[in-house]
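Engineer: There's a structure below that I have some questions on.
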Amino acid sequence: MPRYTILTWGCQMNEEDSEQMGLYLQERGYEPTERLEEADVVLLNTCSVRRKPEDKVFSTLGQLRKLKERKPHMVIGVCGCMAQLRAEEIKQRAPHVDMIVGTAHVAQVGALLEEVLQKRRLAMRLELPERKGAIVTDLPQRKVDRQPKLKAFVPIQYGCDKFCTFCIVPITRGRERSRPTADILDEIKRLAERGTKEVILLGQTVNSYGKNLLEGRVPFARLLKLINDIEGIERIRFTSPYPRDFRDDLIEAIATLPKVMEQVHLPLQSGDNTILKAMRRLYTVEQFEEIVHKLRERIPNIAITTDIIVGFPGETDEQFENTLKVVERIRFDGAFMFAYSPRPGTPAAAMENQVPRHIKQERLERLIALQNRITCEINASQVGRVFEVLVEGPSQKDPSKLAGFTRENKMMHFVGGRELIGKIVRVRADEAHLWGFYGTLVED
Ligand code: SF4
């Protein structure tokens, strides 16, 4: 049987696309392998949000060139955001690439592969098969009969209309489109029938779901209620909401729907209003803090995490200090923190007042140190508390233990029998770390 490997960079949406591409290849008789040397087809599902993963893709393509010299029948495809954005450059720098698959053409990966193989069989001069659009506007096709798994990503919305000045996503993923509600519910019901307990709803601005639907607007909070009613599903998460669209009905849905977890990832990006404006984020620090305040007032145990960029063009020392102050005030449970990385084609990349690399690095280190301290303090304050944990499997840190996540999305490691995998159990936190807890199973 021919084999395939998919290497994935970037966000959960890419992970989900990779799963879909795998299903389309399996439909054509391919089976997965993790060993590159064994693979007949290698797909690189790429990310353009920062420069590092892009560089990594080109270096991986360099390694694959050598492998392909030994295995000339190997088919190499580049998919995802870089395929959408940098197809010409990929073709020039990596002529051994056989196909390019844009972000809206995941479902066509099997047909493209067939096209490559057919041309080889006919010894035709190979025009590089390429599927990508300038602006993505249609909804991708999806396979909804998926492999059974405990936790599953479910895209509910594609693309973005916000056009933050640092972000390439509206260009690589196109305009905001919501999936029809009935399709989402159908997919989740099928997942539940196959044993999925937790769904993570995906969208670039997930809480603006429901605009422009042919069937009429379905607010995100209403969608959560409909999913909450699906038998078999026990946990619902979503990522990432956009602060301006975080309305009171969503706070109420989190507070009242038992399957919606007490956890929100709410990207702040900067703690300074001038920088937020330059980023074209459509909220102020005060409005952001107001949402956090309402969330904590209504759902006292809620865990709130965030994304922050330091060193955006023009960011002064004082403006960076403002971010530190907001982080101190809000006390996030955790954060993804980055130094600003200019993305060609975005307005911010063309701004003249770029911050030198060493200053960005210095600021990033200070922010990480602060946030890590806060995360440790918050976790330490929860030692002794009993958490509800969905058991995912053996711990990777210590395979003699089990690992799972609390409702607040904190990792818990504890001793227990393998029969608990897939179940929801109660675990007391004994020891706190930056990454989560060691705990003890609490018998009912
Ligand atoms: S909201 Fe901004 S950062 Fe998020 S995907 Fe849209 S443009 Fe990018």
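Engineer: So which helices (runs of 4 or more DSSP H) are wholly in the stretch 30-123 and hold at least 1 residues that are touching a residue at least 60 places away in the same chain (Cβ under 8 Å) and among the polar types (S, T, N, Q)?
Structural biologist: Result: 81-85.
Engineer: Quick one: residue 267 ticks every box in (1) farther than 25 Å from residue 348 by Cα; (2) in a loop (DSSP other than H, G, I, E, B); (3) of a type outside the set (Gly, Ala, Ser); (4) within 19 Å of the chain's Cα centre (by Cα) except a single one, so which number is it?
Structural biologist: Against the list (1) farther than 25 Å from residue 348 by Cα; (2) in a loop (DSSP other than H, G, I, E, B); (3) of a type outside the set (Gly, Ala, Ser); (4) within 19 Å of the chain's Cα centre (by Cα), residue 267 comes up short only on (1).
Engineer: Also, I was wondering about something else. Quick one: residue 337 ticks every box in (1) outside any strand (DSSP E or B); (2) aliphatic (A, V, I, L, M); (3) in contact with a helix residue (DSSP H, G or I) (Cβ under 6 Å, 6 or more places away or on another chain) except a single one, so which number is it?
Structural biologist: (1)
Engineer: Go through the stretch 161-176 residue by residue and tally those that are more than 17 Å from the chain's Cα centre (by Cα) and either of a type in the set (D, E, K, R) or within 8 Å of the ligand (Cβ to nearest atom) (or both).
Structural biologist: Total satisfying the criteria: 6.
Engineer: In the list 356, 344, which residue meets the criterion of being surrounded by fewer than 13 Cβ atoms within 10 Å (Cβ to Cβ) and within 24 Å of the chain's Cα centre (by Cα)? Spell out how you get there, then give the answer.
Structural biologist: Working: 356 fails: within 24 Å of the chain's Cα centre (by Cα).
Just one listed residue meets the conditions, 344.
Engineer: Hey, another quick one. Mind telling me which of the residues 366, 343 ends up being modelled with pLDDT under 95, touching a helix residue (DSSP H, G or I) at 6+ places or on another chain (Cβ under 8 Å) and either farther than 24 Å from residue 238 by Cα or outside any strand (DSSP E or B) (or both)?
Structural biologist: Within the list 366, 343, the selection yields 343.
Engineer: Restricting to the stretch 270-304, give me the number of residues that are within 16 Å of the ligand (Cβ to nearest atom) and assigned to a helix (DSSP H, G or I).
Structural biologist: Within the stretch 270-304, residues that are within 16 Å of the ligand (Cβ to nearest atom) and assigned to a helix (DSSP H, G or I) number 7.
Engineer: One residue is enough: does the stretch 228-236 have a residue meeting the conditions outside any helix (DSSP H, G or I) and under 27 Å from residue 165 (Cα atoms)?
Structural biologist: No: the stretch 228-236 contains no residue that is outside any helix (DSSP H, G or I) and under 27 Å from residue 165 (Cα atoms).
Engineer: Would you mention how many residues in the stretch 237-247 are more than 15 Å from the ligand (Cβ to nearest atom) and part of a strand (DSSP E or B)?
Structural biologist: Of the residues in that region, 1 qualify.
Engineer: Just a yes or no: is a residue in the stretch 315-329 touching a Pro at 6+ places or on another chain (Cβ under 7 Å), crowded, with 20+ Cβ neighbours inside 10 Å and not assigned by TED's automatic domain parsing to the domain that holds residue 241?
Structural biologist: Scanning the stretch 315-329 turns up no residue that is touching a Pro at 6+ places or on another chain (Cβ under 7 Å), crowded, with 20+ Cβ neighbours inside 10 Å and not assigned by TED's automatic domain parsing to the domain that holds residue 241.
Engineer: Within the stretch 344-370, restricting attention to residues that are free of Cβ contacts under 8 Å to residues at least 60 places away in the same chain and polar (S, T, N, Q), which residue is farthest from residue 279 (Cα to Cα)?
Structural biologist: Filtering first and then ranking leaves 361.
Engineer: Another question, if that's okay. Output the residue which, of all residues in the stretch 177-204 that are within 16 Å of the ligand (Cβ to nearest atom) and not hydrophobic (A, V, I, L, M, F, W, C), is nearest to residue 86 (Cα to Cα). Give the derivation first.
Structural biologist: Within the stretch 177-204, the subset within 16 Å of the ligand (Cβ to nearest atom) is 177-178, 201-204.
If we keep only those that are not hydrophobic (A, V, I, L, M, F, W, C) as well, we get 177-178, 203-204.
Numbers: 177: 23, 178: 26, 203: 23, 204: 21 Å.
The extreme case among them is 204.
Engineer: Given the structure, is residue 224 touching a Phe, Trp or Tyr at 6+ places or on another chain (Cβ under 9 Å), away from the ligand (no atom under 16 Å from the Cβ), outside any loop (DSSP other than H, G, I, E, B) and under 27 Å from residue 389 (Cβ atoms)? Give the steps one after another, and end with the answer.
Structural biologist: Details: touching a Phe, Trp or Tyr at 6+ places or on another chain (Cβ under 9 Å): yes; away from the ligand (no atom under 16 Å from the Cβ): yes; outside any loop (DSSP other than H, G, I, E, B): yes; under 27 Å from residue 389 (Cβ atoms): yes.
So residue 224 fits the description; yes.
Engineer: Would you pick out the residues in the stretch 248-269 that are surrounded by fewer than 19 Cβ atoms within 10 Å (Cβ to Cβ) and either free of Cβ contacts under 8 Å to residues at least 24 places away in the same chain or within 12 Å of the ligand (Cβ to nearest atom) (or both)?
Structural biologist: Residue satisfying the conditions is 256 alone.
Engineer: A follow-up question, please. Considering only residues that are of a type in the set (A, V, I, L, M) and either in contact (Cβ under 8 Å) with a residue 60 or more places away in the chain or not in a strand (DSSP E or B) (or both), which ones fall in the stretch 7-28?
Structural biologist: Answer for the stretch 7-28, where residues must be of a type in the set (A, V, I, L, M) and either in contact (Cβ under 8 Å) with a residue 60 or more places away in the chain or not in a strand (DSSP E or B) (or both): 13, 21, 23, 25.
The values are calculated or read from the model by the stated rules, or taken from the named source; none is laboratory data. Predicted model, so just to flag it, every value in this text is computed and none were measured. In this analysis, Cβ positions are derived from the backbone assuming ideal geometry, glycine residues included, and neighbour counts consider all displayed protein chains.
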